[in-house]
Amino acid sequence: MEGVFKIKNTGKTDLMILSAKATCGCTVPTWPKQAIKPGESGELNFTFNSKGRSGKQTKSITLQTNTEKVTEIIRIKGIVEKKS
């Protein structure tokens, strides 16, 4: 499965995403390495490998940023169904 999170910079200075790390190896994020200017948007893409998994799934991606909060967490939730 693949997905995209749109990230909008609502601040007054450039937004930098310094790193993005998932809670497990089954989820792989890619993020914009360049600054996101105020008022502009960027995309954080992710892939989730559901092989060997079924039922409810919750995964987190932790972002390290140059914001006042420094750490932001994005959560991915879904249900993996077995093929019949």
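Rounded to the nearest 0.05, the FRET efficiency derived from the C-beta distance between residue 70 and residue 47 at R0 = 41 Å is 0.95. For the pair residue 84 and residue 30, what calculated FRET efficiency results from E = 1/(1 + (r/R0)^6), where r is the Cβ-Cβ distance and R0 = 41 Å, to the nearest 0.05? According to the calculation, E is roughly 0.80. Taking the accessible area of the chain, probe 1.4 Å, and keeping the other protein chains in place, the carbon and sulfur fraction comes to 50%. Each residue of segment 66-83 was assigned a 3J(HN,Hα) from its phi angle through the Karplus expression (A = 6.51, B = -1.76, C = 1.60, θ = phi - 60°), giving 9, 7, 4, 6, 6, 10, 10, 10, 10, 10, 10, 10, x, 10, 9, 9, 6, 6 Hz with x at Gly and Pro. The listed peptides 46-52, 68-74, ordered by packing as a protection proxy, come out as 46-52, 68-74 (highest mean of other Cβ atoms within 10 Å first). Across all directions, the average flat footprint of the convex hull enclosing the Cα atoms of the chain is 5.7 nm². Take every pair of alpha-carbon atoms less than 8 Å apart whose residues are at least six positions apart; their mean separation over the length of the chain yields a relative contact order of 32 percent.
The values are calculated or read from the model by the stated rules, or taken from the named source; none is laboratory data. None of the values given here were measured: they were computed from a predicted structure. Glycine gets a Cβ as well: all are built from the backbone with ideal geometry, and neighbour counts include every protein chain shown. The accessibility values were calculated without ligands, DNA or RNA, using every heavy atom of the protein model including side chains. Shrake-Rupley method; radii C 1.70, N 1.55, O 1.52, S 1.80 Å.
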